[in-house]
1. Quick one: what pairs do we get from segment 81-97, first residue away from ligand 3 (no atom under 16 Å from the Cβ) and of a type outside the set (S, T, N, Q), second open to solvent by 10 Å² or more (accessible area, probe 1.4 Å) and assigned to a strand (DSSP E or B), C-beta under 6 Å, 6+ apart or different chains?
2. In this structure, is A109 modelled with pLDDT of 95 or more, open to solvent by 30 Å² or more (accessible area, probe 1.4 Å) and either hydrophobic (A, V, I, L, M, F, W, C) or in a helix (DSSP H, G or I) (or both)?
3. Could you check segment 37-49 and list, in sequence order, the residues that are of a type outside the set (G, A, S), open to solvent by 10 Å² or more (accessible area, probe 1.4 Å) and more than 16 Å from ligand 3 (Cβ to nearest atom)?
4. Hey, could you check segment 50-63 for residues that are surrounded by 16 or more Cβ atoms within 10 Å (Cβ to Cβ) and among the small types (G, A, S) and say which is farthest from ligand 1 (Cβ to nearest atom)?
5. Which numbered condition trips up R222, out of (1) assigned to a helix (DSSP H, G or I); (2) without any contact (Cβ under 8 Å) to a residue 12 or more places away in the chain; (3) within 16 Å of ligand 3 (Cβ to nearest atom)?
6. So if I check each of R216, R264, R222, which one is open to solvent by less than 30 Å² (accessible area, probe 1.4 Å), farther than 17 Å from L34 by Cβ and among the charged types (D, E, K, R)?
7. If we scan segment 172-182, do we find a residue that is closer than 20 Å to R41 by Cα and either within 16 Å of ligand 2 (Cβ to nearest atom) or in contact (Cβ under 8 Å) with a residue 40 or more places away in the chain (or both)?
8. If you take the residues of segment 122-147 that are over 15 Å from T205 (Cβ atoms) and of a type in the set (D, E), which of them is surrounded by the most Cβ atoms within 10 Å (Cβ to Cβ)?
Amino acid sequence: MFFERLTKLFRRPPEYITVAVAQAQRVSQPAQALPPSRLPRHVAIIMDGNGRWAQARGMSRSAGHAAGTEALRDIIRASDDWGIEALSLYAFSTENWARSKEEVGALMALLLKYFSSEIDELDEKNVRITILGDVDGLPEAQREAVISAMERTRDNTGLKLNIALNYGGRAELTRAARLLAEQVREGALDPEDIDEDLFAQQLYTADSPDVDLLIRTSGEQRLSNFLPWQTTYAEFVFDTVNWPDFDRARYMKCLQVYADRDRRFGGVKSDGEAKP
Ligand code: IPE
Ligand code: IPE
Ligand code: MG
């Protein structure tokens, strides 16, 4: 009994204590391995704050987006190194078309540049690329580049890298309803057979598990139409840095925060303390 109490008191493994101390001291901590059972299977990131990052430096918003692609590289590599199963990145929303022609053009140009410079390495690392969103709404060159990246990496079995481009959560849900309705109209599906699993299979993320951890940079605390179905039970972690300043050390801190959360899914505490 006494020992049970004592182990409850000290039940956190030592690495959590080390990280808590490092966080308190604001020391940049090298990446530490988390126990695999505490690692999220699916991480989603809203990469926000490129514009503010650039503005603070007297640079153009487009220069901020270019700087953001460096952080992107680092975070994809880290996810691969740490054995994350799926990583979903919000790169361009259906609402982002409302930005100036110049900014949209710069983002589209970066997209092309990114795919042509990274695809060889990603393929070599066995990364499987999936685009979340309406690729038909992209300009032709961008559409061809992303479709060819998806086709080239289709059989890869490593990190599932989902890039949300021309993506909107409500558009994704509406599309899923339409796909099911078409199957019903063709006589291939009985409405009685529509359940949550079948619905999830109509989404762009059909091959990935639900999102465990959602990270948003820049201090904003909203979903902005990103993965509403998939994040229903996700843990949210908000970092105040703008996206170009996000790096693998900050990423690891987000993973540590996640690992310390108690996910209950409507049930009771996982360590049995709060039994009914
Ligand atoms: C995120 O940075 C990148 C995209 C939306 C493409 P923002 O461009 O939204 O940067 P802020 O929020 O204006 O600082
Ligand atoms: C969300 O960021 C979209 C991406 C990061 C691609 P926004 O900057 O567009 O979102 P709001 O406008 O602040 O909600
Ligand atoms: Mg923004």
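The values are calculated or read from the model by the stated rules, or taken from the named source; none is laboratory data. Please read all numbers here as calculations on a predicted model, not as lab measurements. Because the Cβ atoms are built from the backbone with ideal geometry, glycine has one as well, and the counts that use them run over all protein chains shown. Please note that ligands, DNA and RNA were not included when accessible areas were found on the heavy atoms of the full protein model with its side chains. Shrake-Rupley method; radii C 1.70, N 1.55, O 1.52, S 1.80 Å.
1. If the second residue must be open to solvent by 10 Å² or more (accessible area, probe 1.4 Å) and assigned to a strand (DSSP E or B), the pairs left are A86/K160.
2. On the way: modelled with pLDDT of 95 or more: yes; open to solvent by 30 Å² or more (accessible area, probe 1.4 Å): yes; either hydrophobic (A, V, I, L, M, F, W, C) or in a helix (DSSP H, G or I) (or both): yes.
Against the criterion (modelled with pLDDT of 95 or more, open to solvent by 30 Å² or more (accessible area, probe 1.4 Å) and either hydrophobic (A, V, I, L, M, F, W, C) or in a helix (DSSP H, G or I) (or both)), A109 qualifies.
3. Selection gives R38, L39, R41.
4. It comes out as A63.
5. (1)
6. Numbers: R264 fails: open to solvent by less than 30 Å² (accessible area, probe 1.4 Å); R222 fails: open to solvent by less than 30 Å² (accessible area, probe 1.4 Å).
R216 is the lone residue from the list that is open to solvent by less than 30 Å² (accessible area, probe 1.4 Å), farther than 17 Å from L34 by Cβ and among the charged types (D, E, K, R).
7. Within segment 172-182, the first condition is being closer than 20 Å to R41 by Cα, and the residues that meet it are none.
The answer is no; no qualifying residue exists.
8. D123
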